[in-house]
Amino acid sequence: QVQLEESGGGLVQAGGSLRLSCIASGRTFSRYDIGWFRQAPGKEREFLAAIRWRGSSTYYADSVKGRFTISRNNAENTGYLQIDSLKPEDTAIYYCAADPFASSVGRENSYKTWGQGTQVTVSS
């Protein structure tokens, strides 16, 4: 089992970039699929991106394609979400999640382990 901790959030101006990190404890992180989600105030949590441990296939929500990039460094037990051209509507709490096999990468219930989230606030 892994435990997850997100970092890298903060206050940024529109048009800027952030790289969020998802640091995992546990020796088997390299064999976990990783997903990133976010939840804006008053809205449901939404899927953003995912990366498989087997083959490192990546998946993105249509709404973030071209601006968000998911990656991982298994040697450092860390997953990343690069966010470019930030917009005020990107303001949310960003969560990473992990599972040995996410049967449907875009569904929350495909992931057993979640971090506490990191706040991203984008000013206009």
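The strands (runs of 3 or more DSSP E) found entirely in segment 1-81 that carry 3 or more residues being within 13 Å of the chain's Cα centre (by Cα) are 3-7, 18-25, 33-39, 46-51, 58-60, 68-73.
When G42, G15, G8 are checked against the criterion of being of a type outside the set (F, W, Y), closer than 16 Å to V120 by Cα, touching a Lys or Arg at 6+ places or on another chain (Cβ under 6 Å) and open to solvent by 30 Å² or more (accessible area, probe 1.4 Å), G8 stands alone in meeting it. Residues in segment 34-45: is at least one at pLDDT below 95 and under 21 Å from S17 (Cβ atoms)? Checking segment 34-45: not a single residue is at pLDDT below 95 and under 21 Å from S17 (Cβ atoms). Cβ-Cβ distances below 7 Å connect no pair with a first residue in segment 33-49 that is more than 18 Å from K112 (Cβ to Cβ), a second residue that is modelled with pLDDT under 95 and open to solvent by 70 Å² or more (accessible area, probe 1.4 Å), and a separation of six or more residues or different chains. Residues of segment 93-124 that are of a type in the set (A, V, I, L, M) and either touching a Pro at 6+ places or on another chain (Cβ under 8 Å) or loosely packed, with under 12 Cβ neighbours inside 10 Å (or both): V122 alone.
Of the numbered criteria (1) at pLDDT below 95; (2) loosely packed, with under 15 Cβ neighbours inside 10 Å, the one F29 fails is (2).
If you go through segment 93-104 and keep only what is closer than 19 Å to E44 by Cβ and within 12 Å of the chain's Cα centre (by Cα), you end up with I93, Y94, Y95, C96, A97.
The values are calculated or read from the model by the stated rules, or taken from the named source; none is laboratory data. Bear in mind that the values here come from a model prediction, so they are computed numbers and not experimental data. Glycine gets a Cβ as well: all are built from the backbone with ideal geometry, and neighbour counts include every protein chain shown. Remember, those area values only see protein heavy atoms, side chains included, never the ligands or the DNA or RNA. Shrake-Rupley method; radii C 1.70, N 1.55, O 1.52, S 1.80 Å.
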